[in-house]
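Okay, structure first, notes after.
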Amino acid sequence: MLRRKIVGAAIIYAFLLPTALLAQAPVYTAPKADIDKIKEEGLKHSQIMNTLNYLTNVIGQRLTASRNLKHANEWTRDTLTKFGLENSHLEAWGPFGRGWELERFSAQVTSPYSFPVIAYPKAWSPGFGSQVVMPVEQTGKGKKSKTAPAPAAAPSTTITADVVYLDAHDEAGLAKYKGQLKGKIVFMSGTRELKADFEGMGHRWTAQELLDMANAPDPDAVVRAAVPAVTPNQANMQDRLKRFVDGLKRAKFVIDEGAAMVVDNSARGSGGTVFVQSASVAADIPANPMDFFTQKRLSPWDKEAEAKMVPQMTMATEDYNRIVRMVEAGEKVQMTIDLKVKYLDDDPMVYNTIAEIPGSDPALKDQVVMLGGHMDSWHSGTGATDNAAGVSVAMEAVRILKAAGLKPRRTIRIALWTGEEQGLIGSREYVTKHLGEMKGGRNIFGIPQSGPQQKPELIKGAEYENISAYYNLDNGTGKIRGVYMQGNEAARPYFRAWLTPFLDMDATTLTLSNTGGTDHLSFDRIGIPGFQFIQDEVEYDQRTHHSNQDVYDRIQSGDMMQAATIMAAFVYQTAMMDERFPRKPIAQ
C-alpha cells in the first residue's frame, strides 16, 4: 500500500471535512440544534465526575463477584433510574464462582533489620490461618495433660519466615531447591532494571501516530495474507509457549514443596506502582503443552482451587530488587506478613446493570442501539481508568440525552458489564443469551481452524436482527480521538460525518484497525457492529492499568466530558437513522 509521507493535523482533518462527503451516499446527521444541545449539556452541565467519585472513592475496588461490585450494580441501576431511564435492572449471568475480599494485609522485612514494603496480595489468594494450633495444658511437675485441650484461639493470620530467592529457570535448576522451600517466603521473579523517566509518562497521540492509524489496512485482509506464512513465526511461538510452560512448572513446584507464600516482582511500573492481578493455581502440564489451552482447568475463583494455591503477593520493584540483592549478598532475610482474606460462596452468580431510553418511533422502537463499559476492576486500586471511566462516560452519555430532552427513534440501551477482566464474560454471556453465538472460528493465535468440524457457524438469537450497533469505552481516561472501525468500511461515511462537529475537540481519526481486549468484541464476533473509540493513552499502560495507582486522582475531567459528549452524539445519531447501521461480512 502506498504510504503517505506528509504529516500534519490538516491531513488528518481532511479525512473528516464535509467536502469529502460529496463522493459518498447521503448519511444521516442530526440537526445542528440537537448536537448543540448535546454539547451544551455535556460540556457545561456535566455530572460525570460525581459519578466517577462515587464509583471509585465511595464504592471502591470492584473485583468480580465481590460485595463491592454488587453494590456498584445496585447504585448504577438506581442512578440510571434517577437520570430518567426505564427498565433499570440487574441481569444475572453465571455461575461464575466464589467472591474474594481482602480483610487485612501488611508486609515488612523484620530481619536483619526492619522496613515496610509496598506489596498487594493477588486476587483469590488464600490467606494465613487455615491451620488451627491446639494448645496443650500443663499439669503439676511439668507433665503434659492428656485431657481435652483448652478452647482453641483464633488461627493466626500472621507469619514470620525466611526469604528464599528461587533462582531457577529449568527443571534442573528447580531440583536444587528440593526440600528447601517448606514454610518459606519464596521470591519467584528476577530483578528488573529501572531507568530514569526522561520522557514523562503522559502521552497523547501525535499527528503521525494518528495518521498511521488512519492508513492501516483492512485487518481481515492482513489475517488472510498471514495464514500461509505462519511457519516463520513458529520459532517465536514455540519460545513463548516454552516460557509459559516453564512458569507453570515453577509455580507447581513451589506449591508442591509447601512454600508459605509466593512473591513476584511487579512486571511493570516504578515509584511504588504495583501491577497485580490473579493468584496462580497449580496445574499439571499435559504431555502436549498445546492441550493446556483446550482442556478444562481450574480458575482461582473456583472453590476447588483453594487447595491448589498458597498465599501470593506482588511487590513493588524497588522493594523486590532490594530484598533479592540482600539475599544474593548472603544475608538471611526474614519477613513478617499478615494476610486475612474472605471467600464469598453465598451467590455464585454475577450481574450486569441494564437500563433503557425507550424508542419514540412505533416502527423502530423495537430496534436497539447499545453503549457501555465494564464495571468490574482489580483490587489494588479503585478501578478509575479501568474502567469506572468508561462506565461513567456511558452513564453520562445517556444522562445527556435525557437532560437535553432528545427523543431517539430507536431504543437506547446501556449495559454495564462485569467479569470483563476474567475474559469478557459478562458481555459474552449477555450476547449469547440475547443475540447469538459463533460456534467454531479462529484458534487462540487468531488463525482460522481447519476441518469441517471447526468451520465458524453463527447461531442467531431472538434479538439478533434488532441490534443496530454497540459503542464501548475502555481505554482509560484519555479523550476520544476517533474510532476503531473494526474492519467495517461501511461505517466510514457515518463516522466521518458524526465526527465533523467535534473537529475542534481533536476527534478526527478513523481507522479500519481492530482493537482488542474489551467488550465490543463480544458483539463484533457475531457480526453485530461493535466499536471502541480511539483514546489518548495518557498514563494508561505506564501507570494505571491494573495497578494500585488506578485511582480517581489519575482521571482527566476535561477528557471525560469530551468523551461523554461524543459518545452521546454517536449513540443518538445511530438511533435516529432510517436504516439499521451497516454490518460487515462475518470473518470466516
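Counting DSSP beta bridges with both partners in the chain, what percentage is antiparallel, nearest 5?
Working: 44 of 73 bridges.
Bridges in the chain are about 60 percent antiparallel.
Using 7 Å Cα-to-Cβ label points, what is the Q295/T191 separation (nm, one decimal)?
For Q295 paired with T191, the spin-label model returns 3.8 nm.
Going down the list K44/K82; K70/K296; K303/K479; K182/K342; K44/K584, which pairs span over 30 Å between their C-alpha atoms?
Cα-Cα > 30 Å for K303/K479; K44/K584; rest within.
With everything on Cα atoms, drop me the angle between helix 67-82 and the longest principal axis of the chain, reported from 0 to 90° to the nearest 10.
20
Compute the signed sum of charges (Lys and Arg +1, Asp and Glu -1) over the other residues within less than 12 Å, Cβ to Cβ, of A267. Before the final figure, lay out each step's value.
Working: positive: R192, R268; negative: D264, D541.
Residues near A267 contribute 0 overall.
How high is the FRET efficiency from S360 to E199, r the C-beta distance, R0 51 Å, rounded to 0.05? Walk me through the numbers on the way to the answer.
Numbers: r = 50 Å, r/R0 = 0.99.
Using R0 = 51 Å, I get an efficiency of 0.50.
Nearest 10 degrees is fine. How inclined is helix 317-328 to the longest principal axis of the chain, computing both from alpha carbons?
30
So for the range 473-513, averaging the separation of alpha carbon pairs under 8 Å that are six or more residues apart and normalising by length, what relative contact order in percent results?
53
Relative contact order for the chain using alpha-carbon pairs under 8 Å, separation at least 6, rounded to a whole percent?
Values: 1207 pairs, mean separation 139.4, N = 588.
Computed over the chain, the figure is 24 percent.
Efficiency by 1/(1 + (r/R0)^6): what FRET value for T336 and Q180, r their Cβ-Cβ distance, R0 = 25 Å, to the nearest 0.05? Walk me through the numbers before you get to the answer.
Details: r = 21 Å, r/R0 = 0.82.
Efficiency for this residue pair is about 0.75.
Restricting things to Cα coordinates, could you compute the convex hull volume per residue of the chain in Å³?
Values: hull volume 116.6 nm³, N = 588.
Once divided by residue count, the hull of the chain is 198 Å³.
Quick check on the exposure proxy: order K182, K252, K342 from fewest to most C-beta atoms within 10 angstrom. If you can, show how the numbers build up before the last one.
Details: K182 9, K252 18, K342 14.
Listing K182, K252, K342 from fewest to most nearby Cβ atoms yields K182, K342, K252.
Using a cut-off of 16 Å between alpha-carbon atoms, which lysines can reach K340, once sequence neighbours fewer than 8 places away in the same chain are excluded?
By straight Cα distance, K340 reaches K122.
Taking every pair of alpha-carbon atoms in the range 521-564, give the share separated by more than 14 Å as a whole percent. Let's see the in-between values first.
Values: 586 of 946 pairs.
The calculated P(r) of the range 521-564 puts 62 percent of pairs beyond 14 Å.
Less than 21 Å apart at the alpha-carbon level, and either on another chain or at least 8 residues along: which lysines does that give for K365?
K402, K407, K433, K460
Is there a quick way to get the dipole size of the range 368-441? I mean about its Cα centre, with the Cβ of Lys and Arg at +1 and of Asp and Glu at -1; what is the value in debye to the nearest 20?
Values: 9 positive and 7 negative charges, 128 e Å.
So the magnitude is around 620 debye.
In nanometres, what is the gap between the two model label sites at N57 and V245, each 7 Å from Cα along Cα-to-Cβ?
Computed distance between label sites N57 and V245 equals 5.1 nm.
Mind running the shape call on the range 249-343? Use the C-alpha gyration tensor, a ≥ b ≥ c as the square roots of the eigenvalues: rounded below 1.5 for a/c, prolate if a/b tops b/c, oblate otherwise. Kindly include the intermediate steps, with their values, before the conclusion.
Details: a/c = 1.80, a/b = 1.71, b/c = 1.05.
Since a/c reaches 1.5 and a/b is larger than b/c, the shape of the range 249-343 is classed as prolate.
So how tilted is helix 234-256 from the main axis of the chain? Cα-based, degrees 0 to 90, rounded to 10.
Compared with the principal axis, the helix lies near 40 degrees.
Values quoted throughout were computed directly from the atomic coordinates according to the rules given, and no laboratory measurement underlies them. The model shown is predicted, which means the values in this text are computed figures rather than measured ones. Ideal geometry is used to build each Cβ from the backbone, glycine not excepted, and the neighbour counts take in all protein chains shown.
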